[in-house]
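Accompanying notes for the structure given below.
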Amino acid sequence: MPAAPPFFKVKMVNRVFNIIEIIVRGFNKILVFIASLMMAGLMIIVCVDLSLRYFFNSPLLWGTEVTEILLLYITFLGMAWVFKEEGHVVIDVFTAKVMGRKKKILNGMSYFFVGIVSVVLIYYGFYTAIDHFKRGVFNPTVIETPIALIIVVIPIGSIPLFLEVLVKSWKLLKH
């Protein structure tokens, strides 16, 4: 069987990355919508908790725990979207001063390290969540939340981040 011409292979890889990008974009929209709802819930909980504390000297017993969990979820559910939009905090001392090929190399190195971190978060996040689930570990607080439910958002939010790194890396190499 003759080998496919290089143009065909590049076209096929482009198609694969376009499909990945469409899937990640849709998944990110869902995750950001969920994170937005959580942010609204967080604001309501904090306002109610503060009002009850101030006016009745009786805060919500579960308020602090739920807000901590919501903050973790909001962070990891929105992580890939923030990376895609380049809204993350960066120190652009080096990248602001370089142009062209050097800037591509610095961006490539950045994507590489973000990719490594996301793979580590996916692997160890799932491993730890499954371990805590099997052992039945829970948070010894008022609502006794299973730790697995708290931790599982870390790998779930890291998967679209890794896919976003792949897409951005491919676009960087392509141009």
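Of all residues in region 60-112, those satisfying the criterion of being part of a loop (DSSP other than H, G, I, E, B) and either within 24 Å of Ile30 (Cα to Cα) or at pLDDT 90 or above (or both) are Leu60, Leu61, Trp62, Glu85, Glu86, Gly87, His88, Val89.
Here's the yes/no breakdown for (1) touching a residue at least 60 places away in the same chain (Cβ under 8 Å); (2) of a type in the set (Asp, Glu); (3) in contact with a Lys or Arg (Cβ under 9 Å, 6 or more places away or on another chain):
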| position | (1), (2), (3) |
| --- | --- |
| Leu61 | yes, no, no |
| Leu71 | no, no, no |
| Val98 | no, no, no |
| Lys102 | no, no, no |
| Tyr111 | yes, no, yes |
| Val119 | no, no, no |
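Against the definition (modelled with pLDDT under 95 and under 17 Å from the mean Cα position of the chain (by Cα)), how does Val167 come out, yes or no? In short, yes.
Residue by residue, here is whether (1) basic (Lys, Arg); (2) crowded, with 17+ Cβ neighbours inside 10 Å; (3) touching an Asp or Glu at 6+ places or on another chain (Cβ under 8 Å); (4) closer than 27 Å to Thr64 by Cβ holds:
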site	(1), (2), (3), (4)
Phe112	no, no, no, no
Val120	no, no, no, no
Tyr124	no, no, no, yes
Tyr127	no, no, no, no
His132	no, yes, no, yes
Phe138	no, no, yes, yes
Glu144	no, no, no, yes
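Scanning region 138-175 for residues that are more than 13 Å from Leu121 (Cβ to Cβ) and in contact with a Ser or Thr (Cβ under 7 Å, 6 or more places away or on another chain) yields Phe138, Asn139.
Tyr54 meets the conditions (1) surrounded by 15 or more Cβ atoms within 10 Å (Cβ to Cβ); (2) among the hydroxyl-bearing types (Ser, Thr, Tyr); (3) at pLDDT below 95 in every case but one. The failed one is (1).
The values are calculated or read from the model by the stated rules, or taken from the named source; none is laboratory data. Remember, it's a predicted structure, so these values are computed and weren't measured experimentally. Glycine gets a Cβ as well: all are built from the backbone with ideal geometry, and neighbour counts include every protein chain shown.
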